[in-house]
Each structure stands twice: as C-alpha cells, then as structure tokens.
Amino acid sequence: MRARRALLALALCGLMTVALAADKTLDTLQQRALQDAYAEGLVTRLINEVGPRFSGSEGYERALIWAFRSMEDAGFKNVHGEPVIQPRWVRGATRVELLTDNEPLPLSAVALGGSVGTDARGIEAEVVRVGSLEELRALKPAQLRGRIVFMDLSMRRSSDASGYGEAYPVRAHGPAEAGRRGAAAYLMRNLSTAADDAPHTGSTDYEDAPRIPALALSNLAADRLAAVVKAGGASVAIHLDARELGAVNSAYVVGELPGKSDEIVLLGAHLDSWDITPGAEDDGAGVAIVTAALRQLVKLGKKPRRTIRVVLYANEEFGLSGAKAYAEAHAGELGRHVLAMEADLGSGRVLKLMDGLGENNAALRAAAFAVVAPLGVAPGEATRHGGSDIAPLTAAGVPLLGPRQDASRYFDVHHSANDTLDHLDRAGLRQNVAVYASLAWLVADWPQPIARLPAE
C-alpha cells in the first residue's frame, strides 16, 4: 500500500492531495469488488436465461433484452441500442464418418463459421494429411484435386494465449489454401487444448478462393483419423447442410456513468457467442466483468471527470459487425475517446497489464501499474492490440490498457459446447472486476490531459 501511494504521488507530479484521494477511492473499489459476487450471478443469469446467442439468431435478440435490463438494473445511464447489420449463417446437420470395410465410424466434428455445405450426396474422398500451412502450400493441385485435406496441427497450451495465436492461421487461411489447390473439403484438428471429444468451432476466411466445406474435428477424432492415415491411408464421408440466410438488422448495447466532460473511457466485451455453446467464458465472463466494473463505479456515488461507457458489442465471433458499426457511428467523437479496454479472454486472473498508452502518457502508465499491483498484476509490455472489438478505436489513435489474463485453461472450452458455467474461475472474475474498475476510475478521473496515439 505504501509503495503504491508513493508511485501514485510521483506519477501525479506532486499533486499529493489528488493522489491520496484517488488512492482511498481505489482502495474502496478494490475491496468491494473482491468481496462482491455480482459478476458471478450476472454471467449465471446470462447463461441460464439466454444461453447460446449467435449473430442473427433469436438467442441474440433475447440477449439484447437481457442486456438492456441488466444495465438499467445496475444503475447505468443513457442505456440504449445502436443499429448494426449482422450476417445470418446456420450450420445445419453435420455428419463426418471414417469409411471402413464394415460400418463407417463417426468422427466428432463441427463446421467452421461461414463454411459452405455439401450437396445432398455429400463428399466421399481420400484424405491427405498435412501438419502446417507451409506443408499445405507446398502441395501441387494434382496432389489435392478431389481429395480432403486434413490439417493435423496440435495447439500448444499457454498462459498468454500465444499458442492460439500460433495455430489460428490454419483455421483462418487453411480452407482457402486447400480450395485454391482443388481440394474437395478441409478437415482440421480443432484449436483446443483439451483431450476430449468436443469439437471447437471458429470462423474462416475464404478470401478469393473456391469455397469448400470446412470443419474442425475434436482432438480425439483427429487422433483417430491421424492413426488410420499413418497406418496406410483413409477415406472420409462428409455431409453438411451449412448455408447463409442473408443479413438481419439488430443492435449492440451501450450504457454509461456520465462524467463532468464529454471525454470517454470505454470498456468493451461482446454479447454474442457461437451457436453451439452457452458461451460462459467466451464472452459471458467479459460481459460480466465490464458490467460489474461499471456497477462498482456507479455505487461510489461520485461523478468522474470523464464519462465511462460500457459497450456490449454484436457479432465479434463472425465478422466484428458491432466493432465496425460502433467505430463508424462514433467517428466524429473518437477524438474524445481517451482510453479503451476490452474483456474477452474468459475468467482467468489478470497476470499483467499490457501498456498501450504511448510515450506521452508516462505518468498515467506509472499510476496504472501502481494501482493494480496490490491485485497481483505485474507491469506488461507495450502493445497496440487490446482486443478485436476495440481494434478500430486503437487504430484511430485511442490509447488502451490491456489486462492480460491467465489463459491456461481457456482454450479447453473456447468455442465449444463445454464452455459452461462450471468452468468459470469465480475468484478470477472478482479480481478482473477489481482491475477493470480501478483502471477505469483512475483514467476517468485523471486530472491531466491524456495524449492520443498516432493513427495506424
């Protein structure tokens, strides 16, 4: 505590009275947040009352009503929806089978978001196994034409989500690369760190390539297929009814704690989930964190210098429609956004604070590191990436702070039917709320101007 007060005093360049008042407010915030089960109750209600809430679905529309009610119940002001056009895609029935001399063996699989389907006859073809995008790109069309590519790349477990970053390109770009080479379909080992039979979905980008059916296999199914391929070869049958149904009009939700000025500190999370999952970690936890954080600030009964705004974005999973719509709708006031933070990595504890404040906000950076140190959060590296939904803001020069959570267990359930309430780290949720609330208040009530970053 003494170390934090010393750092705050130095960071504020001699404004000792302000520093001590801020320190007392932040102490109160953190203690209340660490003892409050509100976030746990909120995400529980979201999962139990709404469940899956995929872009363009009835579930997402129910989530909108839930979000309006939750924000108003939490005491937020100016609660409203803002329009967004969302895509509507359905995966339909899915069947993948390993063909044998006897009965076909089912393989647990799920279509990648945006995949095309098969025709009524389905696809039956020989499997070509590859272990990386580089290996796939090295193959000639004659080696793949009419065959099914099986991308057998295992994702590495990591606490900082770097394993996901390394493996992500095989889902994002693998189907396009296979389609360009004449493959009939694309199967991939899912991006999961769990040795189970629950397949994990996620979006893909066909770019300008021919569109072919693209699916993810569970790790157990991928193990089974890999063993048969290595033993002498395999053929697989795929039936998939995935299709696009056109765009729909919808909304994302905004609520605020008004400040004394029109400058804005933004806290973001995404309200949508994939259709196959309740989405407790992704991103029910994030919704609960930012909502609970602002609720703590409302309960202080104090008016900050700047407005604090929570945005529950639409369609993060399948095209970032909400992020793009918010940036476009608020283009004229992005210059008044002084900070953005996003919660979209589950309920794991915040381990370090990534710094996207830039070189001209050194005092604020020192204060931010000091504020979260008692919560077990270490100073992190400089970054310009704080999350997908706030990316259009940070690209426009809005500073960011990035609480980096422990993602060691997150990808066991990410984008799968196993993303349920029992997986949540409830102590981690409370610590996250304390971190986000503390940083939001620090920045919103910062007595000095906050410098913007160069636009990218």
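Each reported figure results from applying straightforward, stated rules to the coordinates on display, with no laboratory input. The structure displayed is predicted, hence computed values, not measured ones. Note: ideal-geometry Cβ built from the backbone for every residue, glycine included; neighbour counts use all protein chains shown.
If you average 1/r over all unlike Cα pairs in the chain and invert the result, what Kirkwood radius do you get in angstrom?
Kirkwood hydrodynamic radius for the chain: 22.9 Å.
Would you please give the residues with an amide H less than 5 Å from that of V84, counting only those at least 5 places away or on a separate chain, with H modeled from the backbone geometry?
Answer set, sorted by chain and number: S250, A251, Y252.
Test of understanding: what is the full-extension gain from D73 to A378, defined as 0.36 nm times their sequence separation minus their Cα-Cα distance?
In short, 106.4 nm is gained.
Quickly rank 28-38, 299-309 as a protection proxy: mean count of other C-beta atoms within 10 Å, highest first. Before the final figure, lay out each step's value.
Details: 28-38: 16.5, 299-309: 18.1.
Descending packing order for the listed peptides: 299-309, 28-38.
Residue by residue through region 87-99, which ³J(HN,Hα) values in whole Hz follow from phi under the Karplus form 6.51 cos²θ - 1.76 cosθ + 1.60 (θ = phi - 60°), with glycine and proline marked x?
x, 10, 10, 10, 7, x, 6, 10, 9, 10, 9, 7, 7
What is the distance in Å between the Cα centres of region 419-456 and region 320-352?
11
Would you mind checking which residues have amide H under 5 Å from L400's amide H? H placed 1.01 Å from N; only 5 or more apart, or other chain.
The answer is A340, G356, L357.
Shape verdict for region 89-244, please, from the Cα gyration tensor: rounded (a/c under 1.5), prolate (a/b greater than b/c) or oblate.
Rounded, because the longest to shortest axis ratio a/c is under 1.5.
From the phi of every residue in region 197-208, what ³J(HN,Hα) in whole Hz does the Karplus formula 6.51 cos²θ - 1.76 cosθ + 1.60 yield, where θ is phi - 60° and glycine or proline is x?
Working through the residues one at a time gives 10, 9, x, 10, 8, x, 7, 10, 10, 6, 6, 9 Hz.
Loop-only check: which trypsin sites (Lys or Arg not before Pro) in region 87-175 are DSSP coil with at most 10 other Cβ within 10 angstrom?
R121
Based on other C-beta atoms within 10 Å, arrange K324, K77 from fewest to most.
Neighbour counts put them in this order, fewest first: K77, K324.
Could you pull out every residue, at least 5 positions away or on a different chain, whose amide H is within less than 5 Å of the one on K352? Hs are placed 1.01 Å off N in the peptide plane, and Pro or chain starts have none.
A378, R404
Using per-residue counts of other Cβ atoms within 10 Å, averaged over each peptide, order 240-246, 44-50 from highest down.
On the way: 240-246: 14.9, 44-50: 17.7.
So the order, starting with the most tightly packed, is 44-50, 240-246.
Could you give the dipole magnitude of the chain about its Cα centre, charging the beta-carbon of Lys and Arg +1 and that of Asp and Glu -1, in debye to the nearest 20? It would help to have the intermediate numbers written out before the result.
Working: 48 positive and 55 negative charges, 252 e Å.
Approximately 1200 debye in magnitude.
What ranking do D262, D283 get, fewest neighbouring Cβ atoms within 10 angstrom at the top?
With the fewest neighbours first, D262, D283 line up as D262, D283.
List F54, F68 from most exposed to least, where exposure is judged by having the fewest other Cβ atoms within 10 Å.
By the 10 Å Cβ count, ascending, the order reads F68, F54.
For region 236-248, take each phi angle, set θ = phi - 60°, evaluate the Karplus expression 6.51 cos²θ - 1.76 cosθ + 1.60, and give the result in whole Hz per residue in order, putting x for glycine and proline.
Per residue, the Karplus-derived 3J(HN,Hα) values read 10, 10, 10, 10, 9, 9, 4, 6, 9, 10, x, 7, 10 Hz.
Taking the alpha-carbon centroid of each part, what is the distance from region 18-90 to region 160-224 in angstrom?
After rounding, the separation between the Cα centres reads 31 Å.
Enumerate lysine pairs in the chain that are 8 or more residues apart or on different chains, then count those whose Cα atoms are under 23 Å apart.
The result is 13.
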